[in-house]
Structure formats: C-alpha cells, structure tokens
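Everything on this sheet refers to the single structure shown next.
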Amino acid sequence: MPPIQKKICMAGAFAVGKTSLVRRYVESIFSERYQTTVGVKIDKKQLQIAGQPLTLVLWDLAGEDDFAPLRPSHLRGASGFILVVDGCRRATLDCAIELHRRIVAETGPVPFILALNKMDLAAQWELHAADIEPLLRQGWTCTRTSAKDGTGVEELFLHLATKMLGPMP
C-alpha cells in the first residue's frame, strides 16, 4: 500500500510552542532556547495507522501578530490543522479562535485540534475550564500538551491523523 501524504498546518500566536511541539514529535527533542519561525518551516513524519502508511507534512507557520499575519497561501492543500495555545497566556486562546475562523474560511471544514500547551507549567496557567467549555460545546477537540516533557504530544498528532484519514474500511 503506497503511503498517503497529509499536510498539517501548525498555527497560533507567537511563542505558544508550535515549533517545540513539532520538534518533540518529529525528533523527540526539546530545547529551552526560543527560536522564532520566519515564514514557514516544513518537517515530515512517517507513521502507520491501522496498517496504512502515512506521511505527515507538518507546516510550522510563523506566529500570528499584527506584523506577520497568517498567509492564505500557506494553508492551501491542508488536510488538517493544529491551533496551539499557551496555557499561561489567556490572550493566545483569543488569537487561536480568530485564527480558526480565518483558516476555515480558507480551507473549508477540515479536521483540527486545539492544543493547550505548556502543561508542565500548569500552576501558572491563566486558562480555565470555563474558557474552553464553550469551544467544546461547539464540537472542538481540545488536548493538553507539553512540548517540554512530551505529555500528550504523540497523541495530539495521532488523533489528528486519524481524523484526517476518516473511517477506515
């Protein structure tokens, strides 16, 4: 069976951990050193789901702000996306909600997951269940992750990959 290739876009505000999540997933490493993504960085990860070879093409998009808005051209061909939020900064959730609206306008209804990142810093979180509950009621899938210690990272990508493949025969 030839591998299926699926493009996943990583989107979110600056410094939420998009690059760190990709590096943890693809290379099993974490660096404390902050690296700003300029434009887009592309990585690949090969895996199997229910016997089906799958190549994930991970597009790590530059953090969203007033000076570097999301580029629609980066979203073309995306099979799914991950919105990353920094649990220690409540404003990054508002950014993710706005990004969701803009991404869906560009890609149509593709699978996505909201990653609530930085679980290793849970004592410093500004996000609470009440912030997330309205999104869950709208059908959003949310997962808690930590790029630093690896919590939930593998599951995040596997869950999205499974959603993108749809029901298996």
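The values are calculated or read from the model by the stated rules, or taken from the named source; none is laboratory data. Bear in mind the structure is a predicted one, so any value in this text is a computation, not a measurement. Here the Cβ is made from the backbone with ideal geometry for all residues, glycine too, and neighbour counts use every protein chain on show.
Scanning segment 18-36 for residues that are surrounded by fewer than 14 Cβ atoms within 10 Å (Cβ to Cβ) and in contact with a helix residue (DSSP H, G or I) (Cβ under 8 Å, 6 or more places away or on another chain) returns I29, S31, Q35.
One residue alone among E64, E98 is touching a Phe, Trp or Tyr at 6+ places or on another chain (Cβ under 8 Å) and among the charged types (D, E, K, R), and that residue is E64.
In this structure, does V104 turn out to be within 24 Å of L54 (Cβ to Cβ) and among the β-branched types (V, I, T)?
Yes, satisfied.
Are any of the residues in segment 150-158 within 23 Å of R71 (Cα to Cα) and either surrounded by 15 or more Cβ atoms within 10 Å (Cβ to Cβ) or in contact with a helix residue (DSSP H, G or I) (Cβ under 8 Å, 6 or more places away or on another chain) (or both)? For segment 150-158, residues within 23 Å of R71 (Cα to Cα) and either surrounded by 15 or more Cβ atoms within 10 Å (Cβ to Cβ) or in contact with a helix residue (DSSP H, G or I) (Cβ under 8 Å, 6 or more places away or on another chain) (or both): present. Scanning segment 79-98 for residues that are over 12 Å from the mean Cα position of the chain (by Cα) and not charged (D, E, K, R) yields a total of 8. Take the residues of segment 50-67 that are at pLDDT 90 or above and hydrophobic (A, V, I, L, M, F, W, C): which is surrounded by the most Cβ atoms within 10 Å (Cβ to Cβ)? Only one residue fits best here, namely L56. Taken together, the criteria place A105 among residues that are surrounded by fewer than 17 Cβ atoms within 10 Å (Cβ to Cβ) and of a type in the set (A, V, I, L, M).
Residue-wise test of (1) outside any helix (DSSP H, G or I); (2) under 14 Å from the mean Cα position of the chain (by Cα).
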residue: R102; (1), (2): no, no
residue: E106; (1), (2): no, no
residue: D149; (1), (2): yes, no
residue: A161; (1), (2): no, yes
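If the condition is being of a type in the set (F, W, Y) and either touching a helix residue (DSSP H, G or I) at 6+ places or on another chain (Cβ under 6 Å) or buried (at least 21 other Cβ atoms within 10 Å of the Cβ) (or both), then segment 108-126 contributes only F112.
Per the listing L70, L83, the residue uniquely at pLDDT 95 or above, closer than 18 Å to G12 by Cβ and not in a helix (DSSP H, G or I) is L83.
When A11, A96, A15 are checked against the criterion of being assigned to a helix (DSSP H, G or I), surrounded by 13 or more Cβ atoms within 10 Å (Cβ to Cβ) and of a type in the set (G, A, S), a single residue qualifies: A96.
Go through segment 111-132 and count every residue that is among the aliphatic types (A, V, I, L, M), in contact with a Lys or Arg (Cβ under 9 Å, 6 or more places away or on another chain) and closer than 29 Å to S73 by Cα.
Going through segment 111-132 one residue at a time, the tally reaches 3.
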